[in-house]
Number of protein chains: 2
Amino acid sequence: MKAVNGVHHIGIAVDDLDASIPVYAALFGSTLEHRDTVEEQGVEAASLAAGISRIELLAPLAPDTPVGRFLASRGPGLHHVAFEVADVALELDRLRRDGVRLIDERPRRGLFGLQVAFVHPEATGGVLAEFVSDDRH
Amino acid sequence: MKAVNGVHHIGIAVDDLDASIPVYAALFGSTLEHRDTVEEQGVEAASLAAGISRIELLAPLAPDTPVGRFLASRGPGLHHVAFEVADVALELDRLRRDGVRLIDERPRRGLFGLQVAFVHPEATGGVLAEFVSDDRH
């Protein structure tokens, strides 16, 4: 069984997106791929290429947003990990059959046009894990 | 400039290694690659293949160890991210020239025979980041 292709990106919560982009770009020799503000998720995000993976920087638009609450309770740092799969819907079927608790019961449109679904951290020992299918490449 | 090849593994702090291995194996369709106890790092670790990336599960041998203190303060979850590079020593030279604060000034032998070095979280906005060169494959 080969469910995931590898780590698609790691999500990092930051206080200040403008200040963080050049820091991560220099650290990992990364280049900015995408940048977007998604009001309904309360987040401003930037995707940096890191070889075949990506770093997704997430800054909250307000304190009372998922990333804002994360920063308030844990401070900046690793927020989630996203695994690339061929078909998010098929993975969700597989997980549902195994009784895994999900945040998203169906794939939804995530940042930068990705198809995404999140698994509940309760099912993953405290890790916020995302499945992604990336039909952009 | 292409510094990193991609995410080599994500490190996850767990309370119970035996209980966690089958959970993560099922979640991500992963298979156990390596398992080892490293007394001097106070850790028992397991590496699970996740496509071309890996999940490294870390359980502390005692509360007064780096992973034990992490669990006590933050609970189980994402612990670090490791980026694969061709040559860890060259990356450290590059980071040192840029004034980046390092934990390891020289590459050292990490878990499972990898060449590794950690960057200080102060330099990475709270992210514990590792550079790895993997001459096992």
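The values are calculated or read from the model by the stated rules, or taken from the named source; none is laboratory data. If you're wondering where the values come from, they're calculated on a predicted model, not measured in any experiment. When we count neighbours, we look across all protein chains shown, and the Cβ atoms used for this are built from the backbone with ideal geometry, even at glycine. Ligands, DNA and RNA are stripped out before the accessible areas are found, and what is left, the full protein with its side chains, is counted by its heavy atoms. Shrake-Rupley method; radii C 1.70, N 1.55, O 1.52, S 1.80 Å.
Couple of notes before you dig in:
- Every test in (1) more than 12 Å from the chain's Cα centre (by Cα); (2) of a type outside the set (A, V, I, L, M); (3) within 11 Å of chain A (Cβ to nearest Cβ) is passed by residue B:33 save one, and that test is (3).
- Condition met for residue A:59 (open to solvent by less than 20 Å² (accessible area, probe 1.4 Å), in a strand (DSSP E or B), within 16 Å of residue A:129 (Cα to Cα) and touching an Asp or Glu at 6+ places or on another chain (Cβ under 6 Å)): no
- Total residues in region A:72-99 satisfying the condition of being closer than 17 Å to residue A:131 by Cβ, in contact (Cβ under 8 Å) with a residue 12 or more places away in the chain and touching a helix residue (DSSP H, G or I) at 6+ places or on another chain (Cβ under 8 Å): the figure is 4.
- Looking only at region A:37-47, and only at residues there that are touching a Leu at 6+ places or on another chain (Cβ under 6 Å) and either touching a residue at least 60 places away in the same chain (Cβ under 8 Å) or at negative phi (or both), the one that is most open to solvent (accessible area, probe 1.4 Å): A:44
- Taken as a whole, the condition of being among the aliphatic types (A, V, I, L, M) and assigned to a loop (DSSP other than H, G, I, E, B) applies to residue B:100.
- Applying the set (1) assigned to a strand (DSSP E or B); (2) over 27 Å from residue B:82 (Cβ atoms) to residue A:89 leaves exactly one unmet item: (1).
- Search result, residues across region A:11-28 that are within 15 Å of residue B:4 (Cα to Cα), hydrophobic (A, V, I, L, M, F, W, C) and open to solvent by less than 20 Å² (accessible area, probe 1.4 Å): A:27, A:28
- Matching option when the condition is open to solvent by 20 Å² or more (accessible area, probe 1.4 Å) and assigned to a strand (DSSP E or B), among B:69, B:54, B:94, B:106: B:54
- Filtering region A:109-137 to residues that are surrounded by fewer than 16 Cβ atoms within 10 Å (Cβ to Cβ) and touching a strand residue (DSSP E or B) at 6+ places or on another chain (Cβ under 9 Å) leaves A:109, A:113, A:120, A:135.
- Single unsatisfied condition, residue A:109 versus (1) more than 13 Å from the chain's Cα centre (by Cα); (2) without any contact (Cβ under 8 Å) to a residue 40 or more places away in the chain: (1)
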